[in-house]
Amino acid sequence: MQTLEYFGPMLLHGFIGSFLFFSLLWIVQVIRKDAGVVDIGWTAGVGAMAVYAAWMGDGWLPRRMLLGAMGGIWSARLVLYILKDRIICEKEDSRYQRLRAHWGSKAHVWFFVFFTSQSLLVVLFALPFLAGANKAVAHLTLFDVLAAGMWLSAMVGEWIADYQLARFRNNPSNQGKVCRDGLWNRSRHPNYFFEWLHWFAYVLLGVGTPGFILTLVGPAAMYLFLMKLTGIPHVERESLAKRGDAYREYQETTPILIPWPKKRKTA
């Protein structure tokens, strides 16, 4: 595929840069004994790749600037959120605590493998940027406008979901309860829904290009990770362990991802 061949060196540079950055973050986790910093590496790496693709591309400059801005701002917001709510204010995530206990005396060695392997994911999630960065149509299209609107809607939705959850948690009277405020009354994971929705912005930017198929990697891979691997399954297990029957009732009545009217509770 011409687009992939053209950006081959960029992807290689991204992999090498990510590998070095994750190696640095691995040293940080050795010192702090908190592997959660790996989430910063993935988010920052993908955002950097969006900016790099915009810089390296030979498509229409305003579209490349839009692409770089969307990826860069998305990344910066999420990095700050992870730092504030997970790294600075919280202890190591239970996922990494279990891995640390499982690996025992060889934890640092296996965490190095785990950290640096994330470089492959950075490259994977950089693929959706290639089509938009290389799109030669030299004028604003309807799909560009739709992409910007999709991105803005996703960013605002995710911010609202995060704000509603933080407000709920900061109220001492809600200790042990299930958040059903606002968007959380229509979806058990509205923040993840808008995170997934955000990737469709790059699909819209790439419409009409030879590399369009690469844009579908973003929403497809993100859906897989959220629904089956590291996102929702972990959060659901933790919520059931902490809130028990209250969360089971929430599962029975509230859609898992896409905001939708509540279901009737089965007898």
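Where a number appears in this text, it was derived from the coordinates with a stated rule and is not lab data. Since we're looking at a predicted model, the values are computed, not measured. Positions of Cβ are generated from backbone atoms using ideal geometry, with glycine treated the same way; all protein chains shown enter the neighbour counts.
Some values worked out for this structure:
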{"item": "Net charge, residue 58 excluded, C-beta distance under 13 Å - Lys, Arg +1, Asp, Glu -1", "result": "+3"}
{"item": "Net charge of neighbours whose Cβ lies under 15 Å from the Cβ of residue 111, counting Lys and Arg as +1 and Asp and Glu as -1", "result": "+2"}
{"item": "Local net charge near residue 100, Cβ-Cβ under 11 Å (Lys/Arg +1, Asp/Glu -1)", "result": "+1"}
{"item": "Label-to-label distance, nm, for residues given as residue 228 and residue 253 (7 Å Cα→Cβ offset)", "result": "3.2 nm"}
{"item": "Computed label-point distance, nm, for sites residue 171 and residue 238 using a 7 Å Cα→Cβ extension", "result": "2.2 nm"}
{"item": "Given 228/262; 84/242; 91/228; 33/106, the pairs whose alpha carbons are separated by over 19 Å", "result": "228/262; 84/242; 91/228"}
{"item": "Rh (Kirkwood; distinct C-alpha pairs) - the range 142-267, Å", "result": "15.9 Å"}
{"item": "The range 1-142 - convex hull of the alpha-carbon atoms, volume per residue in Å³", "result": "113 Å³"}
{"item": "Selection from 241, 35, 136, by position along the positive dipole direction of the range 2-253 (Cβ)", "result": "241"}
{"item": "FRET E, pair residue 23, residue 83, Förster distance 22 Å, beta-carbon r, rounded to 0.05", "result": "0.65"}
{"item": "Span-like helix ranges in the chain, DSSP H, alpha carbon extent 24 angstrom or more, Kyte mean at least 0.5", "result": "8-32, 38-56, 61-82, 107-133, 142-169"}
{"item": "The chain, helix-only ellipticity at 222 nm - DSSP H runs n ≥ 4, -39,500 (n - 2.57), divided by all residues, nearest 500", "result": "-23000 deg cm²/dmol"}
{"item": "Principal axis dimensions, largest first and in whole angstrom, of the range 20-83 by Cα", "result": "45, 23, 9"}
{"item": "Given [x] 30; [y] 40; [z] 50, the label whose value is percent of Cα pairs over 28 Å apart derived from this model", "result": "[y]"}
